[in-house]
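Working notes, structure below.
The values are calculated or read from the model by the stated rules, or taken from the named source; none is laboratory data. Values in this document were obtained by computation on a predicted structure and should not be read as measured data. Note: ideal-geometry Cβ built from the backbone for every residue, glycine included; neighbour counts use all protein chains shown. Surface accessibility is based on the protein's heavy atoms, side chains included, excluding ligands, DNA and RNA. Shrake-Rupley method; radii C 1.70, N 1.55, O 1.52, S 1.80 Å.
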Amino acid sequence: MKVINNQSRIQTTYLWWLVFINIIVLTVGWLHQDWLGFGAAILINMPINLCILKRYRKKLKTHRDYISINMGAFRHTKPKSYYEIPLVDIEHFYVKPHPKNKRYQRVIQVVFDRTKSYEFVIDRSQLLPLETLVRRPLNHSLMQKRTHYKQPKQPRFIWFQLMGSVLGVGLSALGILLYTQQTNAWVNNLMIGLIVLYALGHFYSFLDHTDPWYVKLAQSFFGMIIYILIVTSVITLFSNFILEAPFSMIYLTYATYALSAFVVVVLIFMASLYALAHA
């Protein structure tokens, strides 16, 4: 068993490049030839994503440092060296805050032979695996004690979400209105960009505030994609079975415009299911 110290730091860099390049390529494809360019951009993106993934796996293999237990000794293996301490000589594992106040990293101080110590940086998410690996509890006494933890006020949070939902419905209605009136393509693209950014922030606000920002960003991004696919599927089913109309890529556009009103759409969907269950 190994505990990887800097895996989340490498993952953050990889995620930034992945999101940035995908957004640039898909946006350029969309602005160039609408849906045809968007489809071509998806095909171009596939080999690019594979190359990024290959570089990520190579960097994770060659640049990471990890903790392991080797022949009864605690070993910190670095890319070009390692540091080893016999487990019987270790007295305590102290958890300390990062000297640069990095929120998601901790400093582990290994005290051995009473007066000697060794320190290394570890991701906060790896503290529990480290305890399991060394089979002894980590000492958090060197961490600064929080005298109070400021929780967001629930009523205020609910009011902000309600106001945000109303604003999102307004953005969706305005975007669909401009689209149906066949306004300039740049105006429609600007509205789609505004709606996507607003929806990304609104998705982000619902996630657990204790999670790292890059985890919440990835969850918001993929949540938006899943939402668009679900809404497109619902519109397609309604069009085919109720209106008896063929499938159209316009449904995907409407689903994208509905991103900013996702709270209201979800509530309407839940109310419809509730009504059907009691019909």
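Entry remark, the range 216-232: residues being of a type in the set (A, V, I, L, M) and either within 13 Å of W16 (Cβ to Cβ) or touching a residue at least 40 places away in the same chain (Cβ under 8 Å) (or both) number 2 in total.
When each of Q126, Q161 is tested for being modelled with pLDDT under 85, open to solvent by less than 70 Å² (accessible area, probe 1.4 Å), in a helix (DSSP H, G or I) and more than 30 Å from I228 (Cα to Cα), the lone residue that passes is Q126. Among the residues of the range 102-124, those that are more than 22 Å from the chain's Cα centre (by Cα) and either touching a residue at least 40 places away in the same chain (Cβ under 8 Å) or within 30 Å of Y214 (Cα to Cα) (or both) comprise V107, I108, Q109, V110, Y118, E119, F120, V121.
The set of residues from the range 174-187 being without any contact (Cβ under 8 Å) to a residue 12 or more places away in the chain, open to solvent by less than 70 Å² (accessible area, probe 1.4 Å) and within 30 Å of the chain's Cα centre (by Cα) comprises just one member, V187. Screening the range 232-256 for residues that are under 26 Å from the mean Cα position of the chain (by Cα) and closer than 20 Å to L178 by Cα and picking the one that is most open to solvent (accessible area, probe 1.4 Å) gives Y254. For the range 56-79, the candidate set comprises residues that are in a helix (DSSP H, G or I), open to solvent by 80 Å² or more (accessible area, probe 1.4 Å) and free of Cβ contacts under 8 Å to residues at least 40 places away in the same chain; within that set, the residue that is nearest to V19 (Cα to Cα) is R57. If I go through the range 188-210 residue by residue, how many of them are at pLDDT 80 or above, surrounded by 13 or more Cβ atoms within 10 Å (Cβ to Cβ) and either among the aliphatic types (A, V, I, L, M) or part of a loop (DSSP other than H, G, I, E, B) (or both)? Here the count works out to 8. Only residues that are outside any helix (DSSP H, G or I) and at pLDDT 70 or above were counted in the range 248-279, giving 2.
Per the conditions (1) at pLDDT 85 or above; (2) closer than 26 Å to W213 by Cβ; (3) not in a strand (DSSP E or B), the sole criterion not satisfied by P99 is (1).
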